[in-house]
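Below is one structure, written out as structure tokens; comments come after it.
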Amino acid sequence: MSKKTVLITGANRGIGLALTQQFCARGDHVIAVCRRASSDLHETDADIIDSINLTREADLLKLQEQLADKNIDILINNAGLLHDGQLGNVDAGMVRAQFEVNALAPLNVTEFLLDNLDDGSKLVFITSRMGSMADNGSGGYYGYRMSKAALNAAAVSLSHDLADRGIAVGLFHPGFVQTDMVGGNGDISASEAAERLLKRIDELNRDNSGQFLHSNGEQLPW
């Protein structure tokens, strides 16, 4: 397998860090983007671009400028934000913040880095089955569910708009992962989730572009 250049957002911890570690371990060139680099991230071979807030246009312009001469084979929009939001205690500000990070930022990152994507490259969104309408059997988490559903809608549109360039778009639910975002709860480790996600990314192509998949390969309902 030829060496790839992979850009990962939210690469300082959790799934983003595990993906960075595993892509580096197999010899790929990783560009790790985050707000604050962690000591674990510094221990990898990734090129780190920190102090980037993906919800700020000025920071996206800075990122665009730093990557002006770089080709990206795989762009992974991983950074995310989760807040609880139960009926009777829905905070509109928290809902808006989740939209900014989970839905608007990935679209804007993609928009700002479109010229870095070669024809035939891959565009990946780490989404959530909590954005599924058909799979919602418990309610709650209004901002998170709504923002991930919006992300899914954007990613499907991108799969159509980028088809002529041969760019495949993947929407992957990592599973219930033991990260800080969920207070360390979860069914699988970040390392195992990243291992599964790498398989899905390797399998991603024009024929399965735009599909909504669990990291275990299961197709998820919209």
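Considering only Leu19, Leu162, Leu171, the Gaussian network model of the chain with Cα springs below 10 Å gives its largest mean-square fluctuation to Leu162. Compare Ile72, Ile126, Ile188 in a GNM of the chain, Cα atoms joined below 10 Å, and give the one with the largest fluctuation. It is Ile188.
Normalised by the number of residues in the chain, the mean separation of alpha-carbon contacts (under 8 Å, six or more apart) gives a relative contact order of 19 percent. Volume per residue for region 1-41 equals 54 cubic angstrom (convex hull of Cα atoms). Distances between placed amide hydrogens fall under 5 Å for Ile72 paired with Leu117, Asp118, all partners being 5 or more residues away or on another chain. Exposed loop GluC sites (Glu not before Pro) only (DSSP loop, at most 16 other Cβ atoms within 10 Å): please give the longest stretch of the chain free of them, not including the sites. Segment 44-217 is the longest.
Consider all pairwise Cα distances in region 1-92 and report the whole-number % of them above 22 Å. Don't skip to the end; give the middle numbers.
Numbers: 1338 of 4186 pairs.
Value for region 1-92: 32 percent of Cα pairs lie more than 22 Å apart.
For Ser215, the residues whose modelled amide H falls within less than 5 Å of its own, excluding neighbours fewer than 5 places apart on the same chain, are His173, Gly175.
Within the chain, which is the longest segment containing none of the trypsin sites (Lys or Arg not before Pro) that sit in a DSSP loop and have at most 11 other Cβ atoms within 10 Å? Maximal segment without exposed cleavage sites: 37-222.
Rounded if a/c is under 1.5, else prolate if a/b is larger than b/c, else oblate: which is region 18-146, with a ≥ b ≥ c the root eigenvalues of its Cα gyration tensor? Could you put the intermediate results ahead of the total?
Working: a/c = 1.88, a/b = 1.79, b/c = 1.05.
Taking the square roots of the gyration eigenvalues as a ≥ b ≥ c, region 18-146 is prolate.
Quick note: the coordinates plus some simple rules give every number you see, no bench work behind them. Because the structure is a prediction, the values reported are computed rather than measured. No Cβ is skipped: glycine too gets one built from the backbone with ideal geometry, and neighbour counts run over all protein chains shown.
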